[in-house]
Amino acid sequence: MTAALEVRGLKTHFFTRSGAVKAVDGVDLSIERGRVLGLVGESGSGKSVTGLSILGLIDHPGRIVEGSVRLDGQELVGLDRDASRRVRGRRIAMIFQDPMMTLNPVLRVGTQMSMALRAHETVSNAVVRERSLKALGKVGLPAPEQCLAAYPHQLSGGMRQRVAIAIALLHSPSVIVADEPTTALDVSIQAQILQEMQRLGAETGVALVWITHDLAVVSSLAHDIAVMYAGRIVEYGPTADVLAQPRHPYTRGLLDSVPGEAEPGEKLAQIPGSIPALIDLPPGCAFRARCSRATGACETMPEIADIGGRLARCFHPLEAA
Amino acid sequence: MSAPLLELDAVSRRFSRKISLGDRIAAKLGAPVETREVRAVENVSLSVMKGETLGLVGESGCGKSTLGRIAAGILPPSAGTARLDGKPVMAEDGRHQKLTTRVQTVFQDPFASLNPRKRIGETIGEGPLAHGLIDRAGSRAYVAEQLSRVGLDPSYASRFPHQFSGGQRQRIAIARALAMKPDLLICDEPVASLDVSIQAQVLNLFLDLRRALNLTAIFISHDLGVVRHLSDRVAIMYLGRIVEIGPANEIYAAPKHPYTQALLASVPRLNRHREGRTAFKPIAGELPSPLSPPPGCHFHPRCALATERCRTEPPQLRPLGPMRWAACHLAE
Ligand SMILES: Nc1ncnc2c1ncn2[C@@H]1O[C@H](COP(=O)(O)OP(=O)(O)OP(=O)(O)O)[C@@H](O)[C@H]1O
Ligand SMILES: Nc1ncnc2c1ncn2[C@@H]1O[C@H](COP(=O)(O)OP(=O)(O)OP(=O)(O)O)[C@@H](O)[C@H]1O
Ligand code: SF4
Ligand code: SF4
Ligand SMILES: [Mg+2]
Ligand SMILES: [Mg+2]
């Protein structure tokens with residue numbers, strides 16, 4: 001079976017005045033229909049740039065310098081503007097943290113949905129209305145009719161995000177890349193949206209790339225997890241396995257930093273230091289300066305390799321228990 | 001932990017809705033304009049014991065920051081009083097002046113709360129100097145001591161805020177607050193903008209300092225995991241009211257208020273024990289507008305247990321066991 005999305009050796013760099021920022025520097029991902037992949041990592045690790053690269057939305061001074069992005073087998077890297085626009089929104093869509101990245105503040109929701117539909121299909125008014133209502137119903141909006149007539153500012157943040165998701169679903173895309181779509185929402189609204197997404201993934205067969213810094217969200221939502229650090233994936237495998245038994249020291253450190261798991265009032269395990277800048281990274285493992293297992297060997301870059309049913313990029317991975 | 005250090009006595013705070021240009025024009029033309037008010041905090045009473053950390057949680061707009069600012073003496077309540085050791089934290093004669101330096105605050109966004117044009121040594125030293133805690137001659141050494149206490153190199157005193165990372169800036173904000181030798185520290189989402197690995201560093205610092213200085217604290221956060229980790233007691237707010245308050249371990253293990261129960265069930269859990277994907281259990285419905293909160297129990301439109309009484313009669317906080325209180329007609 002061809003994967004819905006297959007990313008190989010993706011490198012996206014930004015050529016700034018102070019040098020090349022290697023925001024994404026060799027990322028491989030693969031995701032099948034109906035599956036959810038959680039892409040996690042701390043701020044600046046390259047998650048959003050990965051997502052934007054997949055959609056072909058990288059602008060100057062950034063550029064995909066190497067690699068391949070295949071959607072249902074079709075190569076997207078190197079497509080011209082028009083071809084790329086025909087794919088985007090129809091066969092692959094993106095949802096952002098701020099739904100106003102998708103929504104136009106001065107147009108009614110119904111108008112925007114109609115424009116989104118007609119960007120790729122010729123359909124009658126009746127069909128537009130029917131499909132819009134259906135999409136709004138799918139994402140759990142309580143009053144789809146009223147919603148069609150509303151302007152974005154008349155909706156709550158959670159409802160706006162649902163509208164953005166409904167628009168992403170309009171053409172039944174193969175893949176949706178969701179970049180922190182619930183981060184700005186309250187927990188009660190976040191839980192509603194996560195529940196809808198879990199259901200929609202199973203029902204529509206859409207493959208979801210869910211970008212977040214919240215390990216707990218990924219824990220409940222994603223089948224697989226990819227942990228990013230400094231522009232590269234450092235650990236990648238089935239979510240349950242990786243969370244129960246992280247093999248990369250960074251994944252382990254990240255998990256141990258999360259309060260709520262630890263005994264209340266006890267010191268949390270902490271990773272020393274902070275994430276390095278992505279300009280002029282010294283050679284070798286980027287986690288070296290913060291890693292308690294580092295040795296001389298780590299001064300060269302470890303390859304990502306299969307260790308017992310998952311991938312890890314480390315010379316001295318933690319033992320499997 | 002015996003005598004209350006801070007007491008909030010039936011405090012409320014209303015904000016009148018900002019009047020828009022449209023409203024003003026309408027008013028000029030003689031149209032009736034509703035002047036609605038946000039009841040950000042409604043009749044809240046609580047006390048914080050010496051040496052205790054009280055966690056304050058709830059969804060956005062429920063009034064956490066407003067309550068924190070009232071407790072800190074930087075926002076006057078519309079009604080009620082906040083007292084520290086029995087004395088009001090704010091002048092009640094209309095001058096609205098903060099009366100004590102014994103309460104200090106640490107805010108979420110350390111960049112916004114640090115003056116970008118001041119070296120951090122000055123930022124940390126100016127308060128203690130102005131209030132006579134130190135003299136000019138001792139200032140340098142004092143600042144150095146504050147910096148090393150929060151794990152920063154004393155040489156950083158001569159740098160500006162933009163030269164620091166988010167985590168470091170939050171340490172500076174903590175150092176500045178502690179330099180005033182407060183008895184009560186109010187932390188309003190101090191780790192919300194930090195990455196988990198940096199958040200863990202700051203939380204550990206807080207745990208160390210609390211022990212070393214026997215600090216009393218109110219810790220405000222929408223992150224239930226963070227609050228559980230740090231707090232002795234927790235208060236849960238919903239639309240301006242406290243709906244439940246009690247020992248942290250008990251509330252997390254067995255919440256009594258339907259909102260607390262639903263909120264805890266909504267939080268995705270980091271599952272490290274190979275249980276696979278879990279179902280989400282969201283609370284139904286939207287968060288109502290604080291401009292027109294539902295009558296009776298504010299939670300009734302979203303509550304599965306709501307009865308006729310809940311729609312009309314606001315439940316009062318009542319004791320439901322040692323140190324445990326909840327505001328629900330049905331909770332036991
Ligand atoms: N337009 C740009 N020009 C220069 N550098 C950029 C640009 N966009 C992103 N970067 C850099 O690329 C790196 C990765 O950024 P990215 O936004 O992908 O991080 P992220 O993992 O999504 O972080 P966050 O959790 O904060 O959203 C960062 O170091 C960032 O500064
Ligand atoms: N200065 C103000 N003027 C008008 N309304 C205000 C003001 N400050 C707060 N409010 C309103 O009071 C209510 C409570 O706000 P508050 O900031 O205390 O909530 P919060 O619980 O801290 O929320 P968050 O989690 O988003 O920080 C909100 O509806 C808010 O819009
Ligand atoms: S390669 Fe070396 S430095 Fe990098 S994570 Fe593994 S042990 Fe640590
Ligand atoms: S008072 Fe009624 S509506 Fe409110 S929480 Fe209790 S049962 Fe639910
Ligand atoms: Mg991002
Ligand atoms: Mg607040």
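In summary, the lysines within cross-link reach of residue A:22, defined as a Cα separation below 20 angstrom excluding same-chain residues under 8 places away, comprise A:11, A:47. With the convex hull drawn over the C-alpha atoms of segment A:180-321, the volume per residue is 145 Å³.
Please work out the Cα center distance from segment B:54-93 to segment B:260-332, rounded to the nearest Å. Here the answer is 24 Å between Cα centres. Counting neighbouring Cβ atoms within 10 Å and putting the fewest first, the residues A:300, B:105 line up as A:300, B:105.
Overall, the ratio between the Cα radius of gyration of segment B:91-132 and 2.2 N^0.38 Å, rounded to two decimals, is 1.43. Close amide-amide hydrogen proximity is noted between residue B:51 and B:216, each under 5 Å apart and 5 or more residues distant or on a separate chain (H modeled in the peptide plane; Pro and chain starts excluded). Computed over segment B:179-229, the quotient of the alpha carbon radius of gyration and 2.2 N^0.38 Å is 1.12.
Within 10 Å of the Cβ of each residue in A:269-276, the mean number of Cβ atoms contributed by other protein chains is 5. Note on residue A:82/residue A:60: beta-carbon distance plugged into 1/(1 + (r/R0)^6) with R0 of 25 Å gives a FRET efficiency of 0.85.
Taking 0.890 mPa s as the viscosity and 25 °C as the temperature, the Stokes-Einstein diffusion coefficient of segment A:63-111 based on its alpha-carbon Kirkwood radius rounds to 187 µm²/s. Helices in chain A, meaning DSSP H runs of at least 4 residues, each add -39500 (n - 2.57). Divided by all residues, the mean residue ellipticity at 222 nm is -9000 deg cm²/dmol.
With all pairs of different C-alpha atoms in the average, the Kirkwood value for the hydrodynamic radius of the protein assembly as shown is 27.0 Å.
Grouping the Cα pair distances of segment A:25-157 into 5 Å bins from zero gives a pair-distance distribution of 2, 8, 15, 19, 17, 16, 13, 8, 2, 0 percent in increasing distance order.
Dividing the summed -39500 (n - 2.57) terms of all DSSP H runs of n ≥ 4 by the residue count of chain B sets its mean residue ellipticity at 222 nm at -9000 deg cm²/dmol. Computed over the Cα atoms of segment B:181-332, the ratio of the radius of gyration to the Kirkwood radius (Rg/Rh) comes to 1.00. Only beta bridges with both residues in chain A are counted; by DSSP, about 60 percent of them are antiparallel. In a DSSP loop and with at most 11 other Cβ atoms within 10 Å, there are no trypsin sites (Lys or Arg not before Pro) in segment A:214-259. Note on chain B: antiparallel DSSP beta bridges, both residues inside, total approximately 60 percent of the bridges counted.
Quantify how much of the Cα-Cα distance distribution of segment A:77-144 extends past 20 Å, in percent. Of the Cα pairs, 37 percent sit more than 20 Å apart.
Straight-line cross-link reach from residue B:281 at under 27 Å between alpha-carbon atoms covers these lysines, not counting any fewer than eight positions away in the same chain: A:134, A:138, B:64, B:256. Centre-to-centre, using Cα atoms only, segment A:273-316 and segment A:182-260 are separated by 22 Å. Bridgeable lysines around residue B:50 (alpha carbons under 19 Å apart, same-chain partners fewer than 8 residues away excluded): B:87, B:181. Give the percent of DSSP beta bridges with both residues in the protein assembly as shown that are antiparallel, rounded to the nearest 5. Rounded to the nearest five, the antiparallel share is 60 percent. Using bins of 20 Å that start at zero, the share of Cα-Cα pairs per bin across chain A amounts to 31, 56, 13, 0, in whole %. Please work out whether segment A:246-321 counts as rounded, prolate or oblate from its C-alpha gyration tensor, where a ≥ b ≥ c are the square roots of the eigenvalues and a/c under 1.5 means rounded, while otherwise a/b larger than b/c means prolate and anything else oblate? The shape class here is oblate.
The calculated Kirkwood hydrodynamic radius for segment B:115-252 is 16.2 Å, given to one decimal from all distinct C-alpha pairs.
Of the trypsin sites (Lys or Arg not before Pro) found in segment A:10-59, those in coil by DSSP whose Cβ has at most 11 other Cβ atoms within 10 Å are A:17. Size descriptors for chain B, from the alpha-carbon set: Rg then Dmax equal 21.6, 68 Å.
By its C-alpha gyration tensor, with a ≥ b ≥ c as the square roots of the eigenvalues, how is segment B:253-323 shaped: rounded for a/c under 1.5, else prolate for a/b larger than b/c, else oblate? Oblate, because a/c is 1.5 or more while a/b does not exceed b/c.
Since every read-out is calculated from the coordinates, none of them should be taken as a lab result. Please read all numbers here as calculations on a predicted model, not as lab measurements. Cβ coordinates were reconstructed from backbone atoms using ideal geometry, including for glycine residues, and neighbour counts include every protein chain displayed.
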